Amino acid sequence: MELANIKIRHPKQRELVLRAAEGQAQAVNDMLLYLSSANPNLCKIMQDTIHDCCEAEIWRILLDCLATHRLGEGINCDRRTYSDASKRIDLSIIEVLLIDEHEFETDIKEEVLSQAMEDPEPKICQAAAYIAGMRGDLRAVPILAETIQTGNRDWQVRAVKALAVIGDVCCVPPLVSALTMDREKLHREARRALIGMGKLSEPAWIDLLKHPDNHIRWEAARGLGDIGDARASLILVEGLLDSNYAVRWATADVLARLGECAVPAILKFISYRILNEGSRQAAYHALHGIKSRETRKRLEPLLNALRSSTVSGKASTIAQRLLVEWERL
């Protein structure tokens, strides 16, 4: 669709946007006030107009405003109202940058974002990489990784969300870095992103099973459980010996959820490892938590041995016998 064939939906606002594209400060300010409006209709009118005009300079102005968190100077209000308006304008700008209403928008935006990702100003670079990443552009990954290390918390979280959208294996290392940086919003977003990447993140979760932080090892066990790959059982089962109670029980829960396919790994573990009290209880929980009644019945002699520390010495011998039977079947 050619620009000349675009129907002008809002002529008055179009003139405002064209003046803003020319760099007129008051026009830029008025455009931002529209985008920060609590009236969704006014915000939508301005978004429609920006799409219809599709001026490269407007995309750059909006990107700069997002990067520097610029808000219309005409807003005179208390702190809470200002904060609400600030959130609205960020969301409005992000939405209009991410959505292409017309075919010709895509190439223009990509060119603007490509240039902005090379800008010497870090804030501009971060904002451009975030938008490019949310549009699925792999070129944004190195900048998003750097943002996780050097950006403020809001931009760190945005970088994680963009990496999740890109979803390439090269996104895993910076997401792992974000996971280990705190236990709050950044941590939660990174975990969600890694889980969403499925098997691409499996090697990272396996490596994190050895992390010195108990909480990260706990997350790693849960992450592998969410992937549901039984082939990880032989590595995951070592978590039953973890010094931390929460990690042992998270591991046992995951093995139980994996079900019958995890049984050989658990039997090998019991057969050849010396169980302490904590690992005995965790191994029992892993086997007893398997949903299949038939499987639990086959494992009943071992469960009886694991149930009490006074008879758990027999567990190794019983596990070896069951393992032979299991492999034969």
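The values are calculated or read from the model by the stated rules, or taken from the named source; none is laboratory data. As the structure is a prediction and not an experimental result, all values here were calculated from the model. Cβ: placed from backbone, ideal geometry, glycine included. Neighbour counts: every protein chain shown. When the accessible area is computed, the model is the full protein with side chains, heavy atoms only, and any ligands, DNA or RNA have been set aside. Shrake-Rupley method; radii C 1.70, N 1.55, O 1.52, S 1.80 Å.
Side notes on the structure shown:
- Set side by side, the residues LEU303, LEU275, LEU267, LEU323 differ, and just one is over 26 Å from GLY196 (Cα atoms), among the hydrophobic types (A, V, I, L, M, F, W, C) and open to solvent by 30 Å² or more (accessible area, probe 1.4 Å), which is LEU275.
- Residues of region 237-260 include none that is touching a residue at least 24 places away in the same chain (Cβ under 8 Å), assigned to a helix (DSSP H, G or I), over 30 Å from ARG191 (Cβ atoms) and not aromatic (Phe, Trp, Tyr).
- Apart from one condition, GLY198 fits all of (1) open to solvent by less than 30 Å² (accessible area, probe 1.4 Å); (2) at negative phi; the exception is (2).
- Selection over region 120-163 of residues that are open to solvent by 20 Å² or more (accessible area, probe 1.4 Å) and β-branched (Val, Ile, Thr) gives a count of 2.
- From the list LEU33, LEU62, the one residue that fits, being in contact (Cβ under 8 Å) with a residue 12 or more places away in the chain, over 27 Å from ALA129 (Cβ atoms) and open to solvent by less than 80 Å² (accessible area, probe 1.4 Å), is LEU33.
- Matching residues, region 308-325, being closer than 18 Å to ARG248 by Cβ, part of a helix (DSSP H, G or I) and modelled with pLDDT under 90: SER312
- Number of positions in region 201-213 that are surrounded by fewer than 20 Cβ atoms within 10 Å (Cβ to Cβ) and outside any loop (DSSP other than H, G, I, E, B): 5
- Flag if ARG183 is among the charged types (D, E, K, R), closer than 27 Å to ASP229 by Cα, open to solvent by 20 Å² or more (accessible area, probe 1.4 Å) and at pLDDT below 95: yes
- Residue within region 284-295 that is within 38 Å of the chain's Cα centre (by Cα) and within 22 Å of ILE216 (Cα to Cα) present: yes
- Considering region 278-300, and only residues there that are more than 21 Å from ALA246 (Cα to Cα) and not in a helix (DSSP H, G or I), the residue that is most open to solvent (accessible area, probe 1.4 Å) turns out to be LYS291.
- Close pairs (6 angstrom Cβ cut-off, 6 or more residues apart or separate chains): closer than 15 Å to ASP182 by Cβ in region 137-153, of a type in the set (Ser, Thr, Tyr) anywhere: ILE148/SER177
- Test: residue in region 90-106 that is more than 16 Å from the chain's Cα centre (by Cα), closer than 19 Å to CYS65 by Cβ and of a type in the set (Ser, Thr, Tyr): yes
- Neighbours by Cβ (under 9 Å, 6+ apart or cross-chain): first from region 110-136, in contact (Cβ under 8 Å) with a residue 24 or more places away in the chain and under 15 Å from VAL160 (Cβ atoms); second surrounded by 17 or more Cβ atoms within 10 Å (Cβ to Cβ) and polar (S, T, N, Q): GLN126/THR147; ALA129/THR147; TYR130/THR147
- Every residue from region 218-236 that is part of a helix (DSSP H, G or I) and open to solvent by 20 Å² or more (accessible area, probe 1.4 Å): TRP218, ARG222, ASP226, ILE227, ALA230, ARG231, LEU234, ILE235
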